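Quick notes on the structure that follows.
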Amino acid sequence: AGYDPIVFDPFAGPPTFYTIPTAPQVAICHAAFGRVWAASSIANSQTLYWSNLLDGTTWSGAGTGSLNLHTYMNANERITCIHDFNNHLIVFTQSSILIFENPFDVPVDSSGAAGTAGSMRLKEKIEGVGCLSVVGAVSVGEECFFISKTGLMKMTQVLSDGGSNPIKTIINQVRTGI
């Protein structure tokens, strides 16, 4: 906490890092749909941020923004992982999954003001299961695997057909220590 966000710049010769003054201080990032999606692990842990389209270093101005997800989450929940799956943006908390459709159009217009037509919106909220780690989700083929409190879980493509709760337990016991 208290550190400026850093970005790796592979085009500046030897690896260098620089800070982005306008970027939110975050611990969770995921690149998908031409943007960088981010969330804090502590402060504003219910806020989803996004960068400008095709520019992961621009976090203020037209095309950038944030969305407070507190209306979809319990007061004690926080974002734990951001992932893309089946053309949906998946936001995991410890105990729920928020599935957003149309993440190609974030809820802002070209001026940066709130947009309406074709904007990203919540498609489904799955309660009772979530992801425990920032790096706890991975897509393999047509499935998304993630680590939850109850074990290794699998999300399938059922959600593309409007199906509800496309979650299946793969391994129901995960040991935290040996």
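The values are calculated or read from the model by the stated rules, or taken from the named source; none is laboratory data. Small disclaimer: the values here were computed from a predicted structure and weren't measured. Using ideal geometry, Cβ is built from the backbone for each residue, glycine included, and neighbour counts are taken over all protein chains shown. Ligands, DNA and RNA are stripped out before the accessible areas are found, and what is left, the full protein with its side chains, is counted by its heavy atoms. Shrake-Rupley method; radii C 1.70, N 1.55, O 1.52, S 1.80 Å.
Check whether at least one residue in the range 154-176 is at pLDDT 90 or above and surrounded by 14 or more Cβ atoms within 10 Å (Cβ to Cβ), and report yes or no.
The answer is yes, given that some residue of the range 154-176 is at pLDDT 90 or above and surrounded by 14 or more Cβ atoms within 10 Å (Cβ to Cβ).
Being at pLDDT 90 or above, under 12 Å from I167 (Cβ atoms) and among the small types (G, A, S) narrows it down to one of S133, S148, S139, so name that one.
Going through S133, S148, S139 in turn, just one is at pLDDT 90 or above, under 12 Å from I167 (Cβ atoms) and among the small types (G, A, S): S148.
Looking only at the range 102-125, decide whether some residue is open to solvent by 50 Å² or more (accessible area, probe 1.4 Å) and modelled with pLDDT of 90 or more.
Within the range 102-125, one or more residues are open to solvent by 50 Å² or more (accessible area, probe 1.4 Å) and modelled with pLDDT of 90 or more.
Out of all the residues in the range 130-139, which are over 12 Å from T80 (Cβ atoms) and surrounded by 15 or more Cβ atoms within 10 Å (Cβ to Cβ)?
S139
What is the one condition in (1) out of contact with any Ser or Thr (no Cβ under 8 Å at 6 or more places or on another chain); (2) open to solvent by 50 Å² or more (accessible area, probe 1.4 Å); (3) at pLDDT 90 or above that I82 does not satisfy?
(2)
Taking the condition of being surrounded by 16 or more Cβ atoms within 10 Å (Cβ to Cβ), closer than 19 Å to N102 by Cα, over 11 Å from the mean Cα position of the chain (by Cα) and among the small types (G, A, S), how many residues in the range 29-55 meet it?
Here the count works out to 1.
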